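Colleague: Pasting a structure here, questions to come.
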């Protein structure tokens with residue numbers, strides 16, 4: 001009786017699993033890898049929530065009395081949806097920084113050597129950052145209620161606004177993924193990931209009515225996808241009709257996800273450790 005010892009060629013010829021279930025399992029494994037690191041580095045999550053809390057306190061108690069918001073019972077009702085939208089969008093920056101860090105440490109090459117679906121690396125990273133954004137969202141809503149914000153619409157509409165905000169943050173994670181894979185260092189990813197989001201969020205309806213801006217700037221702000229997101233979330237939280245802003249915000253979120261997921265996947269396939 002003879003036995004056959006498997007060779008490297010036999011192992012290489014073994015077909016890898018395929019299909020959406022394989023992608024999901026690998027993506028979930030990759031996401032949990034990142035989430036398990038959070039308890040070992042809680043400062044990252046703490047400082048990520050301190051900045052938006054400071055924004056809330058500054059705008060409500062320093063600028064709130066000087067900013068008129070007709071149609072809303074208080075400035076808090078106008079401000080909080082914009083601050084929350086800014087918070088979850090800013091939270092997407094961790095995707096780019098994390099991928100740049102993995103590239104600099106050689107982790108990406110190690111993951112490529114494993115029998116896993118390559119897209120799971122990006123999907124897992126974006127899902128883990130979405131989970132962190134959920135935590136930041138909960139903290140922000142607690143602070144919002146403490147300063148006087150109330151949900152004046154239905155809870156179903158509020159849940160819809162929450163899903164819209166988190167969906168937009170997930171879409172922006174794919175933009176950040178492309179940035180993280182394109183820059184040359186973690187420091188560059190941190191700078192490049194944030195610098196463009198400041199004009200995007202401030203030249204919008206997040207903090208003031210666009211009608212108070214110069215006409216040329218108001219035109220830009222009204223066309224800003226972040227304005228569509230903020231207006232839709234604000235209307236849903238306040239029991240108002242979001243109108244076309246809701247569908248435009250959804251279209252922007254879906255379009256950004258599809259386009260930048262494709263671009264990030266192509267960039268990932270050509271990326272090498274630094």
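Colleague: When residues of segment 171-201 are filtered for being over 17 Å from the mean Cα position of the chain (by Cα) and surrounded by fewer than 17 Cβ atoms within 10 Å (Cβ to Cβ), how many remain? Lay out the reasoning, then the answer.
Modeller: Step one: filter segment 171-201 for residues over 17 Å from the mean Cα position of the chain (by Cα), giving 182-188.
Next, only the ones that are surrounded by fewer than 17 Cβ atoms within 10 Å (Cβ to Cβ) stay: 184-185, 187-188.
Qualifying residue count for the region: 4.
Colleague: Let me ask something else about it. Could you please let me know if residue 108 is crowded, with 17+ Cβ neighbours inside 10 Å and touching a residue at least 12 places away in the same chain (Cβ under 8 Å)?
Modeller: Details: crowded, with 17+ Cβ neighbours inside 10 Å: yes; touching a residue at least 12 places away in the same chain (Cβ under 8 Å): yes.
Answer is yes for this residue.
Colleague: Let me ask another. From (1) touching a helix residue (DSSP H, G or I) at 6+ places or on another chain (Cβ under 6 Å); (2) at pLDDT 80 or above, pick out the condition that doesn't hold for residue 34.
Modeller: (2)
Colleague: Checking residue 95 against (1) modelled with pLDDT of 85 or more; (2) over 16 Å from the mean Cα position of the chain (by Cα); (3) within 21 Å of residue 118 (Cβ to Cβ), only one condition comes out false. Which one?
Modeller: Unmet condition: (2).
Colleague: Now for a different question. Among the residues of segment 103-123, is there at least one that is at pLDDT 85 or above, touching a helix residue (DSSP H, G or I) at 6+ places or on another chain (Cβ under 8 Å) and under 28 Å from residue 228 (Cα atoms)? Steps first, please.
Modeller: From segment 103-123, those at pLDDT 85 or above are 122-123; that's our starting set.
Next cut, touching a helix residue (DSSP H, G or I) at 6+ places or on another chain (Cβ under 8 Å) only: 122-123.
Adding the requirement that they be under 28 Å from residue 228 (Cα atoms) leaves 122-123.
Yes: one or more hits.
Colleague: What pairs come out if I take residues in segment 58-79 that are without any contact (Cβ under 8 Å) to a residue 24 or more places away in the chain and pair them with residues that are in a loop (DSSP other than H, G, I, E, B) whose C-beta lies under 6 Å away, six or more apart or interchain?
Modeller: 75/67; 75/69
Colleague: Moving on to the next point. Looking only at segment 37-49, filter to residues that are surrounded by 11 or more Cβ atoms within 10 Å (Cβ to Cβ) and not in a loop (DSSP other than H, G, I, E, B); which one of those is modelled with the highest pLDDT? Spell out the reasoning first.
Modeller: So the first thing to find is which residues in segment 37-49 are surrounded by 11 or more Cβ atoms within 10 Å (Cβ to Cβ), and the list is 37-38, 44-45, 48-49.
Remaining after also requiring not in a loop (DSSP other than H, G, I, E, B): 44-45, 48-49.
Working: 44: 65, 45: 65, 48: 68, 49: 73.
Ranking the qualifying residues of segment 37-49, first place goes to 49.
Colleague: Every residue in segment 256-274 that is in a helix (DSSP H, G or I), more than 16 Å from the chain's Cα centre (by Cα) and in contact (Cβ under 8 Å) with a residue 24 or more places away in the chain, please. Reasoning before the result, please.
Modeller: Residues of segment 256-274 in a helix (DSSP H, G or I): 256-270.
Restricting the remaining residues to those that are more than 16 Å from the chain's Cα centre (by Cα) gives 262-263, 265-270.
Those that are in a helix (DSSP H, G or I), more than 16 Å from the chain's Cα centre (by Cα) and in contact (Cβ under 8 Å) with a residue 24 or more places away in the chain: 263, 265, 267, 268, 269.
Colleague: Consider residue 128 carefully, then state whether it is crowded, with 23+ Cβ neighbours inside 10 Å, under 21 Å from residue 54 (Cβ atoms) and at pLDDT 85 or above.
Modeller: No.
The values are calculated or read from the model by the stated rules, or taken from the named source; none is laboratory data. What you see is a predicted model; the values in this text were computed from it and never measured. Backbone-built Cβ (ideal geometry, glycine too); neighbour counts: all protein chains shown.
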